[in-house]
Number of protein chains: 2
Amino acid sequence: MRIPIWISNRHIHLSQNDVEKLFGEGHQLTNLRNISQPGQFACEEVITLIWPKGKIEKVRVVGPTRKMTQVEIMLADNFVLWTAAPIKISGETEGLEYITMVWPKWEVSGRYLLVTKRHLHCTVKESQELGIKNGDTIKIHVWGIRGLVFENVAVRARDDYALDFHVDIEEANAAGLKTGDRGEIIN
Amino acid sequence: MRIPIWISNRHIHLSQNDVEKLFGEGHQLTNLRNISQPGQFACEEVITLIWPKGKIEKVRVVGPTRKMTQVEIMLADNFVLWTAAPIKISGETEGLEYITMVWPKWEVSGRYLLVTKRHLHCTVKESQELGIKNGDTIKIHVWGIRGLVFENVAVRARDDYALDFHVDIEEANAAGLKTGDRGEIIN
């Protein structure tokens with residue numbers, strides 16, 4: 001089975017509480033376009049990340065809101081922001097780096113910053129067909145002049161997920177990949 | 001045998017002819033610091049790359065001069081410059097992308113632009129010890145939370161080389177590597 005690849009740029013997940021702190025009371029995130037995972041969407045809202053020594057403007061919010069705010073950047077962004085965001089699976093809350101998010105009127109700060117660990121999304125049924133299960137660590141091979149085997153790919157199987165191998169732009173460029181390219185699970 | 005890893009940022013090799021076009025008649029490149037390969041050095045000279053829709057400032061020149069000018073960027077830089085630099089082994093001259101290099105007074109343009117294909121440098125003796133030879137394509141494994149197998153690694157064995165696996169910053173970040181980390185050749 002060929003695994004479709006999804007390439008993530010840096011992005012922000014917000015709690016409803018932080019949405020209202022940044023954009024005003026009762027504000028609802030605005031769907032700009034749906035993305036690969038069911039129910040997830042890129043928002044019209046963009047935010048600036050700042051740190052005493054650096055900033056990155058126009059980082060897109062991904063909706064819907066989550067219980068916990070989380071800012072997912074790339075390793076190279078640590079050199080822009082002068083941060084030390086660790087590589088963690090999205091959703092982890094321990095040991096994250098401090099970051100400030102700014103919108104013209106308000107700001108929110110906290111230990112929200114991480115670099116996303118690569119992972120495979122799939123339904124439970126797909127995981128069974130692939131011979132893997134939620135929580136497994138697998139290897140995914142991609143072809144080409146920059147062919148690679150990605151090790152330590154975390155499996156996240158849940159019935160509201162869709163089959164997708166998520167890498168960030170640096171991982172995609174290291175492998176010469178574009179969104180829509182495919183990989184294969186290997187042993 | 002553990003293979004030391006060298007991480008390249010975007011950089012420029014210049015012919016003496018182009019050095020003089022950019023910096024003036026008789027100009028000699030200035031050694032800022034030696035780098036991993038014997039006789040190679042980062043220069044004080046930096047140049048701006050421009051393209052109608054984008055530019056990248058302060059791209060460092062690597063000396064000494066070469067027969068052919070060559071500009072080595074990362075895949076992400078193609079999106080900044082709006083170029084379509086192909087992935088090629090350093091030294092290839094066919095099929096490269098057009099680029100303009102600017103220094104305050106002068107500029108030089110030509111089909112000099114490529115994205116560097118990853119490669120292993122070593123002496124002929126080292127290649128024999130490793131069971132490989134110049135021109136081979138090998139796989140190199142690196143460990144860690146972003147562990148990877150780099151496929152299609154070109155072997156360049158020559159007695160004036162030093163043992164070093166060359167990747168660019170995107171490849172290094174995809175693997176969570178720092179200069180000085182090590183890899184292993186695998187089958």
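Residue order by solvent-accessible surface for A:Glu72, B:Glu184 is B:Glu184, A:Glu72, largest first, with ligands and nucleic acids left out and a 1.4 Å probe. Take the Cβ atoms of A:Ile186 and B:Ile145, set R0 to 22 Å, and the FRET efficiency comes out at 0.70. Against the criterion of solvent-accessible heavy-atom surface with a 1.4 angstrom probe, B:Trp82, A:Trp103, B:Trp6 sort, most first, into B:Trp82, A:Trp103, B:Trp6. Note on chain B: helix-only mean residue ellipticity at 222 nm, from DSSP H runs of 4+ residues weighted -39500 (n - 2.57) and normalised by residue number, equals -3500 deg cm²/dmol.
Could you check how much of the accessible area of the protein assembly as shown is carbon and sulfur, as a whole percent, using a 1.4 Å probe? Within the protein assembly as shown, the accessible surface is 51 percent carbon and sulfur. Remark: spin-label model distance B:Val102-A:Thr48 equals 2.5 nm, labels positioned 7 Å along the Cα→Cβ axis.
Between A:Arg111 and A:Val124, the simple label model (points 7 Å from Cα in the Cβ direction) yields a spacing of 3.3 nm. Given a 1.4 Å probe and the protein chains as shown, A:Lys105 ends up with an accessible area of around 150 Å². The Cα atoms of the protein assembly as shown give a gyration tensor whose axes a ≥ b ≥ c have a/c of 1.5 or more with a/b no greater than b/c, which makes the shape oblate.
Using a probe of 1.4 Å on the protein chains alone, the accessible area found for A:Tyr98 is around 90 Å².
Here is the interface size for A with B: some 2100 Å² of accessible area buried, both sides summed, with a 1.4 Å probe.
Cα-based Rg of the stretch B:119-186 per 2.2 N^0.38 Å, rounded to two decimals? Please list the in-between numbers first.
Values: Rg = 11.7 Å, N = 68, 2.2 N^0.38 = 10.9 Å.
Normalised Cα radius of gyration, the stretch B:119-186: 1.07.
Measuring heavy-atom accessible area with a 1.4 angstrom probe and counting protein chains only, the residues of the stretch A:162-179 that give up at least 20 Å² relative to the chain alone are A:Glu170, A:Glu171, A:Asn173, A:Ala174.
Taking 17 Å as the straight-line reach from the Cα of A:Lys178, none of the lysines fall in range once those fewer than 8 positions away in the same chain are excluded.
Potential lengthening of the chain between A:Asn17 and A:Asp160 amounts to 49.0 nm, from the contour at 0.36 nm per residue minus the alpha-carbon distance.
Report the charge-dipole magnitude of the stretch B:119-186 in Debye, nearest 20, computed about the Cα centre from +1 at each Lys and Arg Cβ and -1 at each Asp and Glu Cβ.
100 debye
Length, then width, then depth: along the principal axes, the Cα atoms of chain B run 50, 33, 29 Å.
With the whole protein complex present, B:Ser8 retains an accessible surface near 20 Å², based on a 1.4 Å probe. Measuring against 18 Å, Cα to Cα, the residue pairs A:Lys117/A:Lys139; B:Lys21/B:Lys105; A:Lys67/A:Lys133; B:Lys117/B:Lys139 contain A:Lys67/A:Lys133 as the ones spanning a longer distance.
Among residues other than A:Ile3 whose Cβ falls under 9 Å from its Cβ, what is the net charge (Lys/Arg +1, Asp/Glu -1)?
0
With both labels modelled 7 Å from their Cα along Cα-to-Cβ, the B:Asn34 to B:Trp82 distance reads 4.4 nm. Counted over the stretch B:9-116 with a bin width of 10 Å, the fraction of Cα pairs per bin, in whole percents, is 16, 52, 30, 2. Taking a straight Cα-Cα cut-off under 18 Å and skipping sequence neighbours fewer than 8 places away in the same chain, the aspartates and glutamates within cross-link reach of A:Lys55 are A:Glu45, A:Glu72, A:Asp77, A:Glu97, A:Glu107.
The values are calculated or read from the model by the stated rules, or taken from the named source; none is laboratory data. Predicted model, so just to flag it, every value in this text is computed and none were measured. When we count neighbours, we look across all protein chains shown, and the Cβ atoms used for this are built from the backbone with ideal geometry, even at glycine. These accessible areas exclude ligands, DNA and RNA; they are computed on the full protein's heavy atoms, side chains included. Shrake-Rupley method; radii C 1.70, N 1.55, O 1.52, S 1.80 Å.
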